[in-house]
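The values are calculated or read from the model by the stated rules, or taken from the named source; none is laboratory data. As the structure is a prediction and not an experimental result, all values here were calculated from the model. So basically every Cβ, Gly included, is an ideal-geometry build from the backbone, and we count neighbours across all protein chains shown.
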Amino acid sequence: MTDVRPGWRQALEADPWRLATHREYEYPEPEGRSQKADLVRLALAVAIVIGLGFAAGAGETVLLVIGLIGCIVAHEFGHFITAKSAGMKVTQFFVGFGPRLWSVHRGETEYGVKALPLGGYCRIIGMNNLEEVDPADEARTYRQAPLWRRLSVALAGSTMHFLIALAVLFAMFFWTGDASNYITSPSAVPATNAIIGIETFTSGKSPAEKAGFTFGDRIVAIDGHSFRTWKQMSDYISAHPNQQLDVTVKRRGSLVQLHPVTVDRNAVTIAGPNAPALPSAGKNPTPVGFLGIQVSPVVHSSLGQSVSRTGGAWVQVSSKTLDAFGHLFSFHGISSYLHMLTNQKAADNPTGVRFESPVGVVRILHQGSQSGLPNVLWLIAVINLSLGIFNLIPLFPLDGGHVVVALYEGARSRRGRRYRADVTRMLPLFYLGIGLILFLGLTALFLDLRDLTG
């Protein structure tokens, strides 16, 4: 009798790596370990990491990374709470992957933390027809739940990210203010915002330096005129070149009078390698008054404005994220991405679209932590929206793959006859999705490490 070697499709349909059947490799637990001792060791390790972060001057970054892990926990909690409310049996709720660091059983669910904080998972029994389940628990499986219940569980993770983004955006607008992330018009910046920059010219001191302006000063009036926005004040200064101004500033609760003499902006050059470029003067320019100060761009919003702007920013960021994903998965986007892998200059192009590895995300969080709380909150909102949308891509093993299968089953079902998809036939697509995610993750890591070493 001749043995027939199975083809690639048959090999994948056998689920050789046990991904679709949710059979996870169990790391052996050392004997004699106690839950309490494991929890103490875990808490001590986290405290040491935070302490080392602050000692190295990156404590805020460490806290932001922990906060991002918290967002991932919230994603899994969304699946957990909707599954529990639907009566499904949830056997595990873990943060991280790999060897178990700590776990505890509460009822029918094991809660715990694993060594690699690169995600998390919520184990719901009977996610598809391949998974073997105790007959006594079959009624509590995901696959036996009605369509709306399965959809609610599959969508819950991304919904948590979307809700986090809404809450963070509202906090930014109402509490810290927006630092030109959404509100970019100079007309929206209040005239009384604090001075955060004082320029120096290549030819010497600027009028602001000579007059004695300091960081934190707030301009109350110029020549007795009060202004509502920074643009109105800037226009007034521009209209008075080479003239002395009577400026009232508020400094540490007291009013101070300063008397700067403006210069013609077209006749000076700002010093410093990172100095902001001034508008081109052109030929025979009209003199433009200039002091050499920068005010904080932060704009605070009222309660009503915060609600409105939160919705607008949420839609704007979501639209840009969808556009970026659409570009990345287009023929031109794929070609550009592959070009980035072989060309450093292409990878450095700010218009390029690519995924960020955990290394890149930590770098972005570190940069955000150095630029103020408004920018940190904006960054957290953008990351959560990106994660929520990415998880809805109709590809296994992402949540979007489960949504598509549930909708397909609902469309094929008839009254009194429920259709159930055979996941065996979809396993090649499942492994294709795994391969694509691994490719994007590894290449993103390569690009980020190359940036660091370069």
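Of (1) more than 20 Å from the chain's Cα centre (by Cα); (2) under 23 Å from residue 148 (Cβ atoms), residue 40 satisfies all except one. Which?
(2)
What's the total number of residues in segment 416-451 that are within 20 Å of residue 353 (Cβ to Cβ) and of a type in the set (A, V, I, L, M)?
Count: 9.
Identify, from the list 42, 12, the residue that is over 28 Å from residue 154 (Cβ atoms), at pLDDT below 80, in contact with a Leu (Cβ under 6 Å, 6 or more places away or on another chain) and not polar (S, T, N, Q).
Working: 12 fails: over 28 Å from residue 154 (Cβ atoms).
Of 42, 12, the one residue that is over 28 Å from residue 154 (Cβ atoms), at pLDDT below 80, in contact with a Leu (Cβ under 6 Å, 6 or more places away or on another chain) and not polar (S, T, N, Q) is 42.
Any idea which residue in segment 107-133 is nearest to residue 81 (Cα to Cα), counting only those that are at pLDDT 90 or above and charged (D, E, K, R)?
123
Would you call residue 155 within 24 Å of residue 395 (Cα to Cα), without any contact (Cβ under 8 Å) to a residue 40 or more places away in the chain and not aromatic (Phe, Trp, Tyr)? Full working, then the answer.
Values: within 24 Å of residue 395 (Cα to Cα): yes; without any contact (Cβ under 8 Å) to a residue 40 or more places away in the chain: no; not aromatic (Phe, Trp, Tyr): yes.
Answer is no for this residue.
Can you name every residue in segment 114-142 that is within 30 Å of residue 71 (Cβ to Cβ) and among the charged types (D, E, K, R)?
Our first condition is that a residue be within 30 Å of residue 71 (Cβ to Cβ); within segment 114-142, this holds for 114-128, 131, 140-142.
Once the filter is applied, which keeps residues that are within 30 Å of residue 71 (Cβ to Cβ) and among the charged types (D, E, K, R), segment 114-142 yields 114, 123, 131, 140.
Residue check: is residue 171 in a helix (DSSP H, G or I) and free of Cβ contacts under 8 Å to residues at least 24 places away in the same chain? Break it down into steps so the answer makes sense when it comes.
Numbers: in a helix (DSSP H, G or I): yes; free of Cβ contacts under 8 Å to residues at least 24 places away in the same chain: no.
So residue 171 does not fit the description; no.
Output the residue which, of all residues in segment 112-146 that are farther than 30 Å from residue 361 by Cβ and of a type in the set (A, V, I, L, M), is surrounded by the fewest Cβ atoms within 10 Å (Cβ to Cβ).
This residue is 136.
As an exercise: evaluate residue 196 against (1) of a type in the set (A, V, I, L, M, F, W, C); (2) in a strand (DSSP E or B); (3) buried (at least 18 other Cβ atoms within 10 Å of the Cβ); (4) within 29 Å of the chain's Cα centre (by Cα) and give the number of the one condition it does not meet.
Every condition holds for residue 196 apart from (3).
If I filter segment 213-228 down to residues being farther than 15 Å from residue 298 by Cβ and of a type outside the set (A, V, I, L, M, F, W, C), which single residue comes out as surrounded by the most Cβ atoms within 10 Å (Cβ to Cβ)?
Here the answer is 217.
Failed condition for residue 411, given (1) at pLDDT 85 or above; (2) within 25 Å of residue 452 (Cβ to Cβ), with all others met?
Checking residue 411 against (1) at pLDDT 85 or above; (2) within 25 Å of residue 452 (Cβ to Cβ), the one that fails is (2).
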